[in-house]
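Right, one structure below, let's go through it.
The values are calculated or read from the model by the stated rules, or taken from the named source; none is laboratory data. Here the structure is a predicted model, which is why all the values come from computation and not from measurement. Because the Cβ atoms are built from the backbone with ideal geometry, glycine has one as well, and the counts that use them run over all protein chains shown. For the accessible areas, the whole protein counts, side chains as well, though only heavy atoms, and no ligand, DNA or RNA atoms are used. Shrake-Rupley method; radii C 1.70, N 1.55, O 1.52, S 1.80 Å.
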Amino acid sequence: MATTLIRGGTVVNADVSERADVLIKDGQIVAVGEGLSGDTVIDAGGCYVMPGGIDPHTHMDMPFMGTSTADDYESGTMAGLAGGTTMTVDFCLPAPGESLLKAYQAWRHKGEKAAADYSFHMAITQWSPMIHDEMETVVKTYGINTFKHFMAYKGALMVNDDELYNSFKRCAQLGALPLVHAENGDVVARMQADLLARGVTGPEGHSYSRPPEVEGEAANRAIMIADMAGVPLYIVHVSCEQTHDAIRRAKQAGQRVYGEPLVQYLVLDDSEYQNKDWDHAAGRVMSPPFRNKKHQDSLWAGLQSGTLSVVATDHATFTRAQKRMGAKNFTQIPNGTGGLEDRMPVLWTAGVNTGRLTKEEFVAATSTNIAKILNMYPRKGVVRAGADADIVIWDPKGTKTITAKKQISRIEYNVFEGFKCTGVPRTVISRGKIAWDQGDMRAKAGDGDFVARKPNAPVNQAFSIWKGITQPKGVERIEVTP
Ligand code: URP
Ligand code: ZN
Ligand code: ZN
């Protein structure tokens, strides 16, 4: 089998950067070092050679709020590749009561069009003995070690505390990691109703009905429930100081809790919802909503200090026409924004070029940390011998102004419209093949593979309600089972 050599670049990993060539064979990295030779040579002079980005939070072809997201696995994964992201992790969403196994089959079918590697989180939208049993198959047979729980979207995907605790306990038994969308769905529903009754029907009502306290309360609750269930926790789309603070305190107390801010939250703020152009404001409606600068500073501080681990996009795109389903009532605007193509250039520009993040921290936040959290490391998330050859050749001096006119995503607008990036991908390699090169999309629908992920070792069930409590004599450990 012929080899490919990436020559003359600086390899940037999360732990160290070094001048080195990278040799690829059969879709894998076989050597990293100086003076290597190969059959086909790609010149990376003046560039960084980094692990391909991993976006752990996307929604392709997702039925939601009476419609379906505009990007499917083909356009979504291609948008990712054009932005340096070589792997996405999406969500299987069974309707409440539906079999997890059936949902998995349906999502695998959708994924057949993927142009880059992908994996799934499984959503738990109801609790029952069937779900309890099926979770084992999902983990052991299907290779999904993460389960998502919505604490919002009342009457649709939302689960209550009883369901959360049962599912978290099951995750602990299976060595799986629970994820939460942290917002108090009961309070949101009441605030929405109050706002509508007062005549607030526009997109600004979306932001008023979901203040940071709604998110902070749910995050604190989920963290406590995870502690009682004896399981680590991953909080998706962390948007505010209240949630970050809850994570910080939990970490300080020794709990394993991970936080995932979105790139949108780092650079865009809640003034977007006051825009007089309804389409503009509605195009930014997502949950949780964008926040003010104080919260942005908190998220940046979390990435800098390591209390927040991963930058994602929650890529969930809806066209203008779809957004207009909520023209008379903000609660019916489909929630979601895009960002897959923009995540890495925007984070580099706003993070590395400003000195907030080092280039190694950038790699950690866009690839390595999530590869470790999801148990894919070192197959993914690192440039080293033995890893998949998912690589982005990054031009730190390359520029681009983001515009919907040139994007791959199938919507007519872009929340980052006009954002000037310095630092862009030049060539993107997916399992050893050039997938995208300076604007030329070479990957095709179907090139991506499903990535199965093994469970972690089941966590110690001696959970924290025994912390500080004298154990009864003669009892080694007390099991509390759901
Ligand atoms: O508004 C959002 N975030 N839409 C996608 C679904 C979700 O909550 O992640
Ligand atoms: Zn969510
Ligand atoms: Zn989401």
Legend entry - Filter result for the condition that a residue is within 14 Å of ligand 2 (Cβ to nearest atom) and either closer than 19 Å to MET65 by Cβ or surrounded by fewer than 24 Cβ atoms within 10 Å (Cβ to Cβ) (or both), over THR137, THR125: THR125
Inset, instruction - Filter segment 143-174 for residues that are more than 13 Å from MET228 (Cα to Cα), away from ligand 2 (no atom under 16 Å from the Cβ) and under 20 Å from the mean Cα position of the chain (by Cα) and give the result. - result: GLY143, ILE144, ASN145
Inset, instruction - Quick one: which residue in ALA176, ALA222, ALA182, ALA189 is open to solvent by 20 Å² or more (accessible area, probe 1.4 Å), out of contact with any Cys (no Cβ under 9 Å at 6 or more places or on another chain) and either closer than 21 Å to LEU308 by Cα or not aromatic (Phe, Trp, Tyr) (or both)? - result: ALA189
Inset, instruction - Could you please give the count of residues in segment 297-323 that are in a helix (DSSP H, G or I) and surrounded by 22 or more Cβ atoms within 10 Å (Cβ to Cβ)? - result: 4
Inset, instruction - Tell me which of these ILE393 doesn't satisfy, since it passes every other one: (1) touching a Cys at 6+ places or on another chain (Cβ under 7 Å); (2) free of Cβ contacts under 8 Å to residues at least 40 places away in the same chain. - result: (2)
Legend entry - Where VAL346 falls short, out of the listed (1) open to solvent by 20 Å² or more (accessible area, probe 1.4 Å); (2) under 20 Å from the mean Cα position of the chain (by Cα); (3) among the β-branched types (Val, Ile, Thr): (1)
Inset, instruction - State the number of residues belonging to segment 1-29 that are open to solvent by 70 Å² or more (accessible area, probe 1.4 Å) and part of a strand (DSSP E or B). - result: 5
Inset, instruction - Report the residue count in segment 267-296 for those that are open to solvent by 10 Å² or more (accessible area, probe 1.4 Å) and not in a helix (DSSP H, G or I). - result: 8
Inset, instruction - Could you check, for segment 75-83, whether at least one of its residues is in a strand (DSSP E or B), open to solvent by 10 Å² or more (accessible area, probe 1.4 Å) and not charged (D, E, K, R)? - result: no
Inset, instruction - Test GLY97 against the stated conditions and say whether it is closer than 29 Å to GLY155 by Cβ and modelled with pLDDT of 95 or more. - result: no
Inset, instruction - Of the conditions (1) more than 16 Å from ligand 1 (Cβ to nearest atom); (2) aromatic (Phe, Trp, Tyr); (3) open to solvent by less than 10 Å² (accessible area, probe 1.4 Å), PHE91 clears all except one; give me its number. - result: (1)
Inset, instruction - Could you please tell me which pairs satisfy a Cβ distance under 8 Å, a separation of 6+ or placement on different chains, a first residue in segment 150-172 that is on the phi > 0 side of the Ramachandran plot, and a second residue that is open to solvent by 20 Å² or more (accessible area, probe 1.4 Å) and within 16 Å of ligand 2 (Cβ to nearest atom)? - result: GLY155/ALA189
Inset, instruction - Could you give me the residue pairs with C-beta distances under 6 Å whose first residue belongs to segment 286-302 and is under 17 Å from TYR208 (Cβ atoms), whose second residue is more than 16 Å from ligand 2 (Cβ to nearest atom) and open to solvent by 10 Å² or more (accessible area, probe 1.4 Å) wherever it lies, and which are 6+ apart or on separate chains? - result: PHE290/LEU268; PHE290/ASP269; PHE290/ASP270; PHE290/GLU272; ARG291/ASP270; ASN292/ASP269; ASN292/ASP270; HIS295/GLU241
Inset, instruction - Tally the residues that are assigned to a loop (DSSP other than H, G, I, E, B) and more than 30 Å from ALA79 (Cβ to Cβ), restricting the search to segment 111-138. - result: 3
